[in-house]
Structures are given as C-alpha cells and as structure tokens.
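The values are calculated or read from the model by the stated rules, or taken from the named source; none is laboratory data. Everything numeric in this text was worked out from a predicted model, so none of it was measured. Because the Cβ atoms are built from the backbone with ideal geometry, glycine has one as well, and the counts that use them run over all protein chains shown.
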Amino acid sequence: MKEYSTVAAVDLGSNSFRLQVARVVDEQIYPLDSLKETVRLGAGLGEDKILDQDTCNRALACLNRFGERLRGLPRDAVRVVGTNTFRVAKNAQEFLQQAEAALGFPIEIIAGREEARLIYLGVSHGLPPSMDKRLVVDIGGGSTEFIIGTGLKPQKMESLYMGCVSYSQRFFANGKITKNALQQAELAARAELQSISVEFSAAHWQHAIGSSGTAKALAEILQINDFSDSGITHAGLARLREVMLRAGDTSKLQLEGLRADRLPVLGGGFAIMAAIFSELDIGTMNVSDSALREGVLYDLLGRFHRYDMRETTVNQFMRRYHVDPAQAGHVENLGIDLLRQLAALQSLDLDSAIQRLSWAARLHEIGLSIAHSGFHKHSAYILEHADMPGFSKKDQASLARLVLAQRGSLNKAAQLVPDSVLWAQILALRLAVLFYRSRTDFVLPEIKLKWHGSSFGLGLSSDWLSRNPLTETALENEAKEWKSAGMRLEISTTLS
C-alpha cells in the first residue's frame, strides 16, 4: 500500500462523531487538526432499533461538514469506523449509504472486539513504555470495551452492550437522578459485568486506564472539585454520587468542569463507571488522552509499513484451522496471476483486488476443520461471523461471499455479488481451485483469460486438455455454471 504524509481517522460513535487529521513522520503520528460534534446517534434508536429521521439528518449534516475537511485526501489515507449504533440499528445499511455519500469516504462497521483492539492500540501508543499489565476501559455511547494488555499488545478483549447514552435514556430519561434509578442502573451494569468480572478483575492487571468522553469527563469533575487527587477513585465517585443525589436533577447540578454537552449522559456514564469500579475491584483509574481514533490512525499507519493486522489475522486463522499451506499457496499464486490478466482488460483497483483474493485463497479451506462436505459453506460462515482483528464487518462479508463462491452453484452468488470486480475475483479463485484439485505440485499449462462485460474467455492448448480429461470435463461444467448465473465463460483451445 502507498504511504501518505497526511492521514485521517473518523470515529462515528454512538454519542459523538470525531475526526482526527495527522501528519506522519518516521512512523509516528502528529496531530494536525481535529473536529468533534455531539451527534448522539444512539439516542435516535427507538425500541424497534430503527434510527429516527431527525437523528439521521443531524448525523448527515455533521458528515457533510467532516467531508469538506477531508476533501482532497486520498481514499486510502482516510479510515472511517462506525461503532455500536451502526452494529445494532436495523436500518443501518440504508443510513450507511447516505452517510458515505455525505462524507465522501467508505465507512467500516467494526465489531465490538475489533473496536476494543483499536482502542487499546490508541491508548498504548499514548502511554510510556511498560511491561506491566494494563486494564483499559472505554465507556462509549452504546457499548463499553475492556482490554487487558502489555506494551502495545492486547491480550484479552471484550465489549459489553452498555453505554452512557443507552443507560441515560433507560434510567435517567427525564434528567431526574433518584436513589432508586441510580441503584437500578448500577445493578444493571453489574449484571452485564458478571460475565467478564473473573477474567478482568484486579488480580489480572497492575494499572487501570480510562479512555474517551465518560472517563475524561468524570476525571475532570473529580479533580477540579477536589473529590480526588488524581484520576478517578472509588472515594471520588462516592462523593460525586452524593452531590448528584442531592441535586436530584442533572439541570440543577452545579459542578466545576461539568460541560453542558455532558449533562444528558452523565447519569448513565456515572452508573456504568461506578459498577465497573465495584465489580472489577478498581481503586484508582488514570485517564488517557488517546482512544479509538488514534488507534485507527496507528492501524492505518501499520498497513503502510507492512505491519498489517489483517495479515497477522490471516496467518493465525491458517494455523488455527490447520490449513495446508502448500495447497493454499498454489491456489493463491495461480489466482493472482489470473486476476492480473483480467485486470489488464478492465479498470479496477488491482492492489486491493489482489489483497482480497490473496486472503480468500489462503483461507478458502478453513471449513475443512469442521467437515469436508460443504466445507466452502463452513469457511464462509467462519469468515463472516468470527472475530477477525483488523477486518471490518464489510471486509468479512466480502471475503465470505468470495469463499462461498469458490465451488458449486453460482446461483446464490449471483444474488450476493455487488460488482464486476468481485466476479473477476470469483472466476480467478474458482479456476485456481479447479486446476489444483489434485493437490499436487505440477507444471501448469499456459492459461489465457479474456474479459469483456459479462463474458469471460479461457484459452488453453488442445494437447493439454486431451491429456487431462478430468480437468476438461470440470471446465465444461464450469462454463455451464456461469451460464446459469447469467454470465458467459467460453473455453477455447487457442491462446491468441
């Protein structure tokens, strides 16, 4: 991937949308500009999990403004991630299309654990080097991420569906803070935390770090009002609880450091943080200035410098699912060669197309670890639903479609494939799998591919086909499959 001197990250959170533009110098990130708008996307989710139109309009207006700031930056130098609200909204796909049009860049919806990984990457880059184990907690608008790691490497990651926006709406919708409401909110959060409390308790780390808006806001309130000497403490939260209950309403709170935009989500954020302190036995939590968007920037930087987390994940999956590396390598090399031939005839982003095909070729047989029958379906299911660090949900869905179409009927693929580039990748992968069906290392014949619109042409020598009747029959059946999918694959014995 090409290197860039200026990069940008956009974090589309359930509470705030944030944009960070940075300069790259010697593999380090130096901030140039930042924008933040409190959109409260999560507040627009109704009980039916549908985003209301007013919230969508507010979000699109913000994205239009962000798009103006990003105008002129190369597509590969900008990474945009959507978090919990995008994950749970039933109309997310429809809204996503409008959002991408407004922003001018593609948006990746990331899974909870991928969000946790990126948060830890951002936080750890902003902290002094240390071999101590750190607990990082990030309370967002709709979810809360927990990570234990050492240095720059996360070791345990979890994401729970509780956030300052969702809890504030659920327990403090009218701004009233009663003893009962606060107790119920904390109990609900503690119930969520019980599933991870053993693995993330104080026995497993030396330092606790909070990141993002809730942690930063609570730390500032506690310190400015002399409720704690540094960061967030158990005693400080207890004093803040007393003040909140005495006021009885967020609109009546008179606290130094409490910003107006934080008032509507203070109750929910406080309840979650108090529950975390109690359930995980935290005494003191320091706060980081870095969070998800910095992690996105460093992850993007890694892709430029060949430290791509996606490559690490692919290699880990190959080991985990006992992939035959020789067979995967044969399919990968032939598939890429065939795709290059097709790319010479049509305009496409060859680097990205090759990268996706390479991953698919190396992972196309992971389903064999489940069953041989229908293994391509098992492979596709794993790729779509597994936690794959570095990959967005859209990346995983594209990989799954490609791997699902590696063999068998193309009818289902015809309904799923959105563009001709993916059809070219499917053809390259299917032919590579077909030619290496014997799983042996042999001298390949000269293969020529042509591509025009919805028609493909495959040229082979007649002598080679006559010596390999099994492959000849397989190619004839392959041509029939493409015809049934409304495409054309013509097998020719001329190489011109």
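Residues that are within 16 Å of Ala328 (Cα to Cα) and either small (Gly, Ala, Ser) or in contact (Cβ under 8 Å) with a residue 12 or more places away in the chain (or both): does the stretch 371-379 have at least one? Scanning the stretch 371-379, I find at least one residue that is within 16 Å of Ala328 (Cα to Cα) and either small (Gly, Ala, Ser) or in contact (Cβ under 8 Å) with a residue 12 or more places away in the chain (or both), so the answer is yes.
So is Ala361 at pLDDT 90 or above, surrounded by 21 or more Cβ atoms within 10 Å (Cβ to Cβ) and touching a helix residue (DSSP H, G or I) at 6+ places or on another chain (Cβ under 7 Å) or not? Before you say what the answer is, go through the steps one by one.
Details: at pLDDT 90 or above: yes; surrounded by 21 or more Cβ atoms within 10 Å (Cβ to Cβ): yes; touching a helix residue (DSSP H, G or I) at 6+ places or on another chain (Cβ under 7 Å): yes.
Yes: the conditions hold for Ala361.
Considering only the stretch 264-272, I want to know if a residue exists there that is part of a loop (DSSP other than H, G, I, E, B) and not small (Gly, Ala, Ser). No, the stretch 264-272 has no match at all. Here is a check on your reading of the model: is Val331 buried (at least 17 other Cβ atoms within 10 Å of the Cβ), farther than 27 Å from Ser454 by Cα and in contact with a helix residue (DSSP H, G or I) (Cβ under 8 Å, 6 or more places away or on another chain)? Against the criterion (buried (at least 17 other Cβ atoms within 10 Å of the Cβ), farther than 27 Å from Ser454 by Cα and in contact with a helix residue (DSSP H, G or I) (Cβ under 8 Å, 6 or more places away or on another chain)), Val331 does not qualify. Checked against (1) within 26 Å of Glu199 (Cβ to Cβ); (2) touching a helix residue (DSSP H, G or I) at 6+ places or on another chain (Cβ under 6 Å); (3) of a type in the set (D, E, K, R), Arg319 passes all but a single condition, namely (2).
Residues that are over 26 Å from the mean Cα position of the chain (by Cα), at negative phi and not charged (D, E, K, R): does the stretch 307-318 have at least one? No, that holds for no residue.
Asp308 - would you say it is surrounded by fewer than 17 Cβ atoms within 10 Å (Cβ to Cβ), touching a residue at least 12 places away in the same chain (Cβ under 8 Å) and of a type in the set (Asp, Glu)?
Numbers: surrounded by fewer than 17 Cβ atoms within 10 Å (Cβ to Cβ): no; touching a residue at least 12 places away in the same chain (Cβ under 8 Å): yes; of a type in the set (Asp, Glu): yes.
The answer is no for Asp308.
If I filter the stretch 326-333 for residues that are touching a Leu at 6+ places or on another chain (Cβ under 7 Å) and of a type outside the set (A, V, I, L, M, F, W, C), do I get at least one hit? Working first, answer last.
First, pick out the residues of the stretch 326-333 that are touching a Leu at 6+ places or on another chain (Cβ under 7 Å): none.
No; the residues of the stretch 326-333 include none that is touching a Leu at 6+ places or on another chain (Cβ under 7 Å) and of a type outside the set (A, V, I, L, M, F, W, C).
Only residues that are at pLDDT below 90 and among the hydrophobic types (A, V, I, L, M, F, W, C) were counted across the stretch 112-154, and they come to 3. The residue that is nearest to the chain's Cα centre (by Cα), counting only those in the stretch 278-295 that are among the polar types (S, T, N, Q) and not in a strand (DSSP E or B), is Ser290. Summed over the stretch 79-108, residues that are of a type in the set (Val, Ile, Thr), crowded, with 18+ Cβ neighbours inside 10 Å and over 20 Å from Val21 (Cα atoms) total 1.
Step by step: first the residues of the stretch 460-496, then only those that are in a loop (DSSP other than H, G, I, E, B) and touching a Gly at 6+ places or on another chain (Cβ under 9 Å), then the one that is modelled with the highest pLDDT. Which residue is that? Let's see the steps before the verdict.
The initial filter retains those residues of the stretch 460-496 that are in a loop (DSSP other than H, G, I, E, B), namely 460-461, 468, 485-487, 493-496.
Next cut, touching a Gly at 6+ places or on another chain (Cβ under 9 Å) only: 493-496.
On the way: Thr493: 84, Thr494: 69, Leu495: 54, Ser496: 49.
Once the filter is applied, the top-ranked residue is Thr493.
Residues checked against (1) modelled with pLDDT of 95 or more; (2) acidic (Asp, Glu); (3) within 21 Å of the chain's Cα centre (by Cα); (4) surrounded by 12 or more Cβ atoms within 10 Å (Cβ to Cβ):
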| site | (1), (2), (3), (4) |
| --- | --- |
| Met1 | no, no, yes, yes |
| Ser5 | no, no, no, no |
| Asn15 | no, no, yes, yes |
| Glu27 | no, yes, no, yes |
| Thr38 | no, no, no, yes |
| Glu47 | no, yes, no, no |
| Cys62 | yes, no, no, yes |
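Selection of the stretch 332-356 for residues being farther than 15 Å from Leu399 by Cβ and among the β-branched types (Val, Ile, Thr) yields only Ile336.
Of all residues in the stretch 45-94, those satisfying the criterion of being in contact (Cβ under 8 Å) with a residue 24 or more places away in the chain and polar (S, T, N, Q) are Asn64, Thr83, Asn84, Thr85, Asn91. Taking each residue of the stretch 277-292 that is under 15 Å from Ser195 (Cα atoms) and looking for partners that are buried (at least 16 other Cβ atoms within 10 Å of the Cβ) and of a type in the set (Lys, Arg) with beta-carbon atoms closer than 8 Å, six or more apart or interchain, yields Ser278/Arg190; Glu279/Arg190.
Phe172 - would you say it is in contact with a helix residue (DSSP H, G or I) (Cβ under 6 Å, 6 or more places away or on another chain), in contact (Cβ under 8 Å) with a residue 24 or more places away in the chain and aromatic (Phe, Trp, Tyr)?
Working: in contact with a helix residue (DSSP H, G or I) (Cβ under 6 Å, 6 or more places away or on another chain): yes; in contact (Cβ under 8 Å) with a residue 24 or more places away in the chain: yes; aromatic (Phe, Trp, Tyr): yes.
For Phe172, the condition - in contact with a helix residue (DSSP H, G or I) (Cβ under 6 Å, 6 or more places away or on another chain), in contact (Cβ under 8 Å) with a residue 24 or more places away in the chain and aromatic (Phe, Trp, Tyr) - is met.
Given the structure, is Leu135 in a strand (DSSP E or B) and in contact (Cβ under 8 Å) with a residue 40 or more places away in the chain? For Leu135, the condition - in a strand (DSSP E or B) and in contact (Cβ under 8 Å) with a residue 40 or more places away in the chain - is met. If I filter the stretch 347-370 down to residues being among the charged types (D, E, K, R) and without any contact (Cβ under 8 Å) to a residue 60 or more places away in the chain, which single residue comes out as nearest to His452 (Cα to Cα)? For the stretch 347-370, the residue satisfying everything is Arg362. Summed over the stretch 194-237, residues that are of a type in the set (Gly, Ala, Ser) and surrounded by fewer than 19 Cβ atoms within 10 Å (Cβ to Cβ) total 8. Inspect the stretch 277-300 for any residue being surrounded by fewer than 18 Cβ atoms within 10 Å (Cβ to Cβ) and aromatic (Phe, Trp, Tyr) and give the result as yes or no. No, there is no match, as no residue in the stretch 277-300 is surrounded by fewer than 18 Cβ atoms within 10 Å (Cβ to Cβ) and aromatic (Phe, Trp, Tyr).
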